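Only the coordinates and a few stated rules stand behind these numbers; no lab work does. Computed from a prediction, not measured in an experiment: that's the story for all the values here. Virtual Cβ from ideal backbone geometry, glycine too; neighbours counted across all protein chains shown.
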Amino acid sequence: MAKVNPSTRTKEDFFNLVWQVVRLIPKGRVTSYGAIAKFLGTGSSARTVGWAMNASHHATPAVPAHRVVNRLGMLSGKHHFSTPEAMENALKREGIEVKDDKVVDFAKLFWDPGKELDW
DNA sequence: ATGCTGACGTCGC
DNA sequence: CGCGACGCCAGCA
């Protein structure tokens, strides 16, 4: 995963980069919006990562947005899926336990792109 | 064109 | 230790 030069980066690239990173998340692991934001460069706010997820619905190939949660491991974006249960179900199907809209053992399942990827 | 809002995160009080 | 405010980038009224 090569880091794109910020000067040559366009907004389309930003969305693309976010999607790329999310797609690289191993099955059964999760990451946070902030982690992705930092991976792309501190300049990119975590909020914008959320917007990228919002736009990821029509992205191809599909983006596993359900593996992205906030820094507390809460499924803050579940309401933006086709159904509120979709996110939780998808996670459970991958072996991730979800309790009260939170990822169980989030710290252990956390997947840091900056640490796992080569940049 | 301006301003508010949003799937967040951090710092300040 | 809990709550509030600000910053960040992009979309929409």
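For A:Val22, the conditions (1) more than 11 Å from the chain's Cα centre (by Cα); (2) buried (at least 18 other Cβ atoms within 10 Å of the Cβ) are fulfilled apart from (1).
Evaluating A:Lys78 against the criteria (1) farther than 19 Å from A:Phe14 by Cβ; (2) in contact with a helix residue (DSSP H, G or I) (Cβ under 6 Å, 6 or more places away or on another chain); (3) surrounded by fewer than 17 Cβ atoms within 10 Å (Cβ to Cβ) leaves one unmet condition, (3). Taken over the range A:76-119, the residue count meeting the criterion of being in contact (Cβ under 8 Å) with a residue 40 or more places away in the chain, touching a strand residue (DSSP E or B) at 6+ places or on another chain (Cβ under 8 Å) and part of a helix (DSSP H, G or I) is 4.
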